[in-house]
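Read through the structure below, which is laid out as structure tokens, and then see the notes.
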Amino acid sequence: MQTAAATTRDHSGRFRPGCSGNPQGRPRSVVRDRLRAALLEFDAAEDGTERTRAERLVQVVFGILFDESASARDRLRAAEWITEQADGRLPHPVEALEPEAGGITIKFAAVEA
């Protein structure tokens with residue numbers, strides 16, 4: 001009699017095409033459901049009007065940015081987030097290391113024991 005693992009795996013132990021180690025997928029979480037419900041409540045402003053989550057998020061981040069009692073780290077991260085959202089992330093330059101430009105040369109040598 002073959003086990004379920006024997007029918008889903010090949011001779012080397014890898015999953016056969018179309019077979020999964022988690023066929024039911026990730027289980028729905030109680031936390032996820034409660035978080036979604038809380039987000040719906042969060043959308044309603046105190047004055048009864050509706051605000052989008054984006055508007056509320058921006059309000060919170062600007063609140064951190066201008067809160068003098070917040071840590072410098074939190075204020076700087078808020079400023080970075082605002083800048084990234086408004087202007088996009090700055091590209092990270094990549095420089096090629098070339099031997100004639102003072103680059104690094106690594107040589108491997110065989111060591112006889």
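Laid out as a table, the results:
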{"read-out": "Any pair with Cβ under 9 angstrom, 6 or more apart, that starts in the stretch 81-106 at a residue that is on the phi < 0 side of the Ramachandran plot and aliphatic (A, V, I, L, M) and ends at one that is modelled with pLDDT of 70 or more and in a helix (DSSP H, G or I)", "value": "82/58; 82/61; 82/62; 82/65; 90/83; 90/84"}
{"read-out": "Total residues in the stretch 69-113, condition within 30 Å of residue 58 (Cβ to Cβ), of a type in the set (A, V, I, L, M) and either modelled with pLDDT under 70 or not in a helix (DSSP H, G or I) (or both)", "value": "2"}
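The values are calculated or read from the model by the stated rules, or taken from the named source; none is laboratory data. Keep in mind that this is a model prediction, so the values were computed, not measured. Cβ atoms come from the backbone with ideal geometry, glycine included; neighbour counts cover every protein chain shown.
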